[in-house]
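Nothing in this text is a laboratory measurement; each read-out follows from the coordinates by a stated rule. On a predicted model such as this, the values are computed, not experimentally measured, just so you know. Cβ placement follows ideal geometry from the backbone for every residue including glycine, while neighbour counts extend to all protein chains displayed.
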Amino acid sequence: YVNNIGFTASTIIGAGSVVEEAGRFDVVGGTTVDALTVVFTHNNFKGLAGAGSIKNTGVTNTLTVRRTGTDAYGTTAFQEDDVLPGASLVWPMDTALGTALPEFSAFTVSVKSKVAGNPTTYGLHHTSHGVMS
């Protein structure tokens with residue numbers, strides 16, 4: 001909190017809390033399925049800034065991570081990355097995703113198992129500034 005006068009020891013509950021337009025999304029012990037599944041989406045037509053990371057905590061299967069952004073011109077594009085077991089992926093939100101340019105008005109992270117029928121686990125931490133929903 002900023003200027004939290006009278007609210008000492010306050011606790012924000014939930015993996016997807018928004019405080020003063022800073023949207024935090026956390027996953028601990030997430031599990032993938034075979035189909036691409038949205039983990040979270042942050043939106044603000046005025047633009048978003050932020051960064052995040054994901055770690056494949058599994059030991060046998062690769063994690064596929066798709067980051068999708070929609071820019072102020074209405075262009076939507078994505079980038080997919082494979083994250084090996086035990087490895088991590090870090091992303092800034094100040095670089096283009098394909099033909100979609102920052103600042104994004106919508107930003108989504110989705111995941112799936114690389115090898116069908118063999119789920120993997122992951123942890124994710126992301127913050128977007130300017131989140132409206």
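Worth pointing out:
- Peptides ranked, highest mean first, by Cβ atoms within 10 Å: ranges 32-43, 73-84: 32-43, 73-84
- Note that region 37-43 has calculated 3J(HN,Hα) couplings of 10, 5, 8, 7, 9, 10, 9 Hz, one per residue in order, obtained from phi through the Karplus relation 6.51 cos²θ - 1.76 cosθ + 1.60 (θ = phi - 60°); glycine and proline are x.
- The D34 and S88 beta-carbon pair, evaluated with R₀ = 25 Å, returns a calculated FRET efficiency of approximately 0.65.
- Once C-alpha pairs closer than 8 Å and six or more residues apart are averaged by separation and normalised to the residue number of region 74-133, the relative contact order reads 27 percent.
- Estimated inter-spin distance, T75 and S53, nm [label 7 Å along Cα→Cβ]: 3.0 nm
- Taking the Cα atoms of region 63-133, the ratio Rg/Rh between the radius of gyration and the Kirkwood radius comes to 1.00.
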